[in-house]
1. Per-residue counts of other Cβ atoms within 10 Å, averaged by peptide: what ranking do you get for 213-222, 139-148, highest first?
2. If I take R0 = 45 Å and measure r between the Cβ atoms of ARG210 and GLU121 in this structure, what FRET efficiency does the formula 1/(1 + (r/R0)^6) give, to the nearest 0.05?
3. If I take R0 = 56 Å and measure r between the Cβ atoms of THR82 and LEU197 in this structure, what FRET efficiency does the formula 1/(1 + (r/R0)^6) give, to the nearest 0.05?
4. Could you compute the net charge surrounding ALA221? Neighbours are other residues with a C-beta less than 13 Å from the C-beta of ALA221; K and R count +1, D and E count -1.
Amino acid sequence: MIPPGRRPQPHKRTTTRGRRQRHRQGRQPKGPGLAQALLQRGGATPLLLLTGVVNAGAVGYRATEGWDWGDCYWMVLITLSTMGFSDPATRVLSGGGRVVTTLLLVGGLVVVQQTLQKLLELTNTGYFQILRDRRTRQQLRRMHNHVILCGYGRIGREIAEQLSAEEVQLLVVEMDTDRVAEAQQRGLRVLLADATLDETLQEAGIHQCRALVAALPNNAANLYVILSARGLAPHCRLIARADSEEADRKLRLAGADQVVSPYVAGGRTMAATALRPLAVTFMELLAGSDCEVDEFQLSLDPEQLGSLNGQSLADLQLGRRSGALVLAIRTPPSEVGAPGQPLESELIANPGGSERLAPGQLLVVLGSKQQLNRFAELLGPSLASVEVMSS
């Protein structure tokens, strides 16, 4: 019977247990060293025996020869390692010293052999590979403002080369061991894991990255990656690969900010090369220069724009004051649209001085890093975000 005024707490024990489990997890060591590994995996006896033999040999030389501890341990080292007494500075042993050396050779070789066997056992069981993987994961947790590339196929390799040329921190997530080895040979940081799993994206630093690119060869796999990434990091920029219009539509519904079809992009590039070769050459030259094309997203709140709201480009003189060039302005999507139709926005290319700034606009600006930084400073608190398009 429950006393009046008191309510039952059926979940108190579960909460306490969970709190204890989290406390124990927080107290787990980062990882055993070599000595701890030997102790934990049945190697206590050879390790202790080796330590005992070394110290006993040093004590024996100290007692029989009267040397200092440095000479004693040096004699133990050259004896156990079978280097021999070729050093001209090695002193002549007395009868007692020869007895110590004989015992050290007999007992030491047996103990050293057991220790080496235990090390080989750890190697065969993959323990040292586990240590390397743990060290790699610790390095991943320290990465910030990087790009996560899911998939290192033909498209992924090209993406990695472009990002590496721009000195952007890159993390490749791949399941194929051959592709992992190829990426590592190119000096890339690689995580051997399934990119469709939430724990893999968390381990890759989805909350600290600047963008995620899903370049897996399968549309369904890319869809899984985008769904997982959008659920974990709602504000992360997501780019996906698609092989069809249907996949494009589903990936956008799943939360992809940009969907790229290799076939469509390749066809457009070939058509542009046939019709406007100089324009394509200019973009290639731009990719190899120190110039960048950035997207400056203005805030939707008119109060954030302050005095900039309604001002024209000619009045603000952003280009003259920063040195950057405004290539285009994209107006915010219209709030009124046909049912079932996507909201449309207008792109104003090469805007004139009469164009006025308004909440929600996206400014496409060309310039060097210093010029773009100056442009962002001029916009001040009205700036909601900045995205690098190309460089």
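Values in this text are rule-based calculations from the coordinates and carry no lab data. Owing to the predicted nature of the structure, the values given are computational and were not obtained by experimental measurement. Note: ideal-geometry Cβ built from the backbone for every residue, glycine included; neighbour counts use all protein chains shown.
1. Those peptides, ordered most packed to least, come out 213-222, 139-148.
2. Numbers: r = 44 Å, r/R0 = 0.97.
Working from the Cβ atoms, E equals 0.55.
3. FRET efficiency, THR82 to LEU197: 0.65.
4. Once all neighbours under 13 Å are counted, the net charge is -2.
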